Ligand SMILES: Nc1ncnc2c1ncn2[C@@H]1O[C@H](COP(=O)(O)OP(=O)(O)OP(=O)(O)O)[C@@H](O)[C@H]1O
Ligand SMILES: [Mg+2]
């Protein structure tokens, strides 16, 4: 077997690699943030009482679920500047292109998640909020949003992990994220196994960290009182003790 | 577990001066519906509903399923636009404004302000699951009335205690019985200092042994002079507490009489049949 642990550990700790990880994390977070915001907007349009707005939202979801993320990424990077002069400027970096492409891709999926979430919230919730005299903005932010966040944390966490992996596509537009860095190093050393393993380890670690964050987040959205939380924790301990 | 006694609910010290429900008015009715019409598609749900509720009176509304009772309450609470007719609160027409010589529906923000004058209690409680009992009672005060968190907490805590739930203030709805949830829902509406309270079958979703505790709060409210419209199947409550009883059928009021007359000598054949069926 041709595996040199020293090369592997060198890869794990090389500054170039770590810089790639940094770009991967930044792209994931920024693209996800824009994707969620746009997705929420699309979901709200989808629920609009006005048919043309619903049609726009439906069309958006239809198009962006159909186009492969890689095709759209290349389109944004190579074709968009030819179509729209504004994208010829210096600001339009590989990072900006990847952010736009991945965010627009994510928005289509997030919109469906938000739509499902909105439908799952009992109509009585909105009715009660309106009956109290809340204006529409407060009905949304104070009553609908907290319940929407709770039901969408699990599916959107999935999207987040997908996004983390999709950022590797940006290597084809020469964004120096984790995969691009790996390929550069592989090209000069031909140590495929060590470098690709090191990259895989980083993805694994990033996803694991995120899973811990997700668990924390979900716990914050469990709506039980301190009393019940402590008694149920206690009863869990008792159950465990009884099992022994 | 014995229930703690109920406190004074319509308290000026708590709700602020004046207690809207107790205010002397010149209007003949606190709440008035005039020839309400409401249609869903081709379904004429309300076909000319007219009645008024005097200050401090309790109006019980009976009627078969699908007769439009809930729809009527939602229209009175401005939660649903009406197709024709008027809703008047203390003599003033609500839900509309004049624009170029015509009456048009108010924009949503202005409607919201008018809704806050009317308390509404739902069959399925509709408490907010992400808030504690206390949070549910506070939210109208902070988000609609613009009270500070500290003020709202104090008022909400007192009101929760007065509906007998001081011990449960920090509980979420999954940790409350149906009866307790409904009492929180009543407290949530009450702290807004409404001019009138509308109840849509407030005990229908409750286990029989929990009905009494909710009716007790409502009776206390009635005794203290709250103006109320109560859609209910509780004939006992209607006999005991209501000043007048309405029979709804097919989207119209077919009988409107004091309870003794309503139950003792109903004028309408359908009322008689309905009363036989529920007894
Ligand atoms: N949002 C709505 N959209 C369409 N139709 C509706 C809507 N709400 C009520 N309806 C219809 O209006 C009619 C009256 O309904 P409503 O709920 O007011 O009756 P109800 O007297 O409260 O009945 P119940 O005793 O079962 O609560 C029914 O035929 C119902 O199907
Ligand atoms: Mg009903």
> Do any residues in the stretch B:60-83 that are over 17 Å from residue A:126 (Cβ atoms) have Cβ atoms under 6 Å from those of residues that are part of a helix (DSSP H, G or I) and more than 8 Å from ligand 2 (Cβ to nearest atom), where the two are at least six apart or on different chains, and which pairs are they?
Replying inline: B:60/B:238; B:82/B:75
> Which of the residues that make up the stretch B:184-213 are within 24 Å of residue B:15 (Cα to Cα) and over 13 Å from the mean Cα position of the chain (by Cα)?
Replying inline: B:184, B:191, B:213
> What pairs can you find where one residue is in the stretch B:37-51 and away from chain A (no Cβ under 14 Å) and more than 11 Å from residue B:82 (Cα to Cα), the other is more than 16 Å from ligand 2 (Cβ to nearest atom) and not in a strand (DSSP E or B), and their Cβ atoms are less than 9 Å apart, with a gap of 6+ or different chains?
Replying inline: B:51/B:29
> So residue B:190 fits all but one of (1) at the interface with another protein chain (Cβ under 10 Å from one of its Cβ atoms); (2) at pLDDT 95 or above; (3) more than 16 Å from ligand 2 (Cβ to nearest atom); what number is the exception?
Replying inline: (1)
>> Going through B:113, B:97 one at a time, which residue ends up being away from ligand 1 (no atom under 16 Å from the Cβ), surrounded by fewer than 17 Cβ atoms within 10 Å (Cβ to Cβ) and within 12 Å of chain A (Cβ to nearest Cβ)?
In response: B:113
> If we keep just the residues of the stretch B:207-237 that are within 16 Å of ligand 2 (Cβ to nearest atom) and modelled with pLDDT of 95 or more, which is farthest from residue B:141 (Cα to Cα)?
Replying inline: B:232
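Yes/no per residue for (1) within 16 Å of ligand 2 (Cβ to nearest atom); (2) in contact with a helix residue (DSSP H, G or I) (Cβ under 7 Å, 6 or more places away or on another chain):
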{"residue": "B:56", "(1), (2)": "no, no"}
{"residue": "B:74", "(1), (2)": "yes, no"}
{"residue": "B:82", "(1), (2)": "no, yes"}
{"residue": "B:124", "(1), (2)": "yes, yes"}
{"residue": "B:134", "(1), (2)": "no, yes"}
{"residue": "B:146", "(1), (2)": "no, no"}
>> Can you tell me which condition residue B:147 does not meet? The list is (1) surrounded by 18 or more Cβ atoms within 10 Å (Cβ to Cβ); (2) part of a loop (DSSP other than H, G, I, E, B); (3) facing chain A (nearest Cβ under 10 Å), and all the others hold.
In response: (3)
>> Test of understanding: among B:214, B:184, which residue is more than 14 Å from chain A (Cβ to nearest Cβ), part of a helix (DSSP H, G or I) and either within 16 Å of ligand 1 (Cβ to nearest atom) or crowded, with 20+ Cβ neighbours inside 10 Å (or both)?
In response: B:214
>> Exactly one of these conditions fails for residue B:28: (1) within 16 Å of ligand 1 (Cβ to nearest atom); (2) surrounded by fewer than 21 Cβ atoms within 10 Å (Cβ to Cβ). Give me its number.
In response: (1)
> Restricting attention to the stretch B:215-241, which residues are touching a strand residue (DSSP E or B) at 6+ places or on another chain (Cβ under 9 Å) and within 19 Å of residue B:133 (Cα to Cα)?
Replying inline: B:218
> When you scan the stretch A:70-162 for helices (runs of 4 or more DSSP H) that lie fully inside it, which ones turn up with 3 or more residues that are within 14 Å of chain B (Cβ to nearest Cβ) and at pLDDT below 95?
Replying inline: none
>> Please go through (1) away from ligand 1 (no atom under 16 Å from the Cβ); (2) more than 27 Å from residue B:263 (Cα to Cα) for residue B:56 and return the number of the only condition it doesn't satisfy.
In response: (2)
> Taking residue B:122 and the conditions (1) within 16 Å of ligand 1 (Cβ to nearest atom); (2) more than 9 Å from chain A (Cβ to nearest Cβ); (3) surrounded by 18 or more Cβ atoms within 10 Å (Cβ to Cβ), which numbered condition does it fall short on, given that it satisfies the others?
Replying inline: (2)
> When only residues in the stretch B:68-82 that are more than 13 Å from the chain's Cα centre (by Cα) and more than 10 Å from ligand 1 (Cβ to nearest atom) count, which is surrounded by the most Cβ atoms within 10 Å (Cβ to Cβ)?
Replying inline: B:82
>> Being crowded, with 19+ Cβ neighbours inside 10 Å, modelled with pLDDT under 95 and in contact with a strand residue (DSSP E or B) (Cβ under 8 Å, 6 or more places away or on another chain) is true for just one of B:60, B:21. Which residue is that?
In response: B:21
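The values are calculated or read from the model by the stated rules, or taken from the named source; none is laboratory data. The structure presented is a predicted model; accordingly, all values stated were derived computationally and were not measured. Note that we place each Cβ from the backbone using ideal geometry, even for glycine, and neighbour counts take in every protein chain shown.
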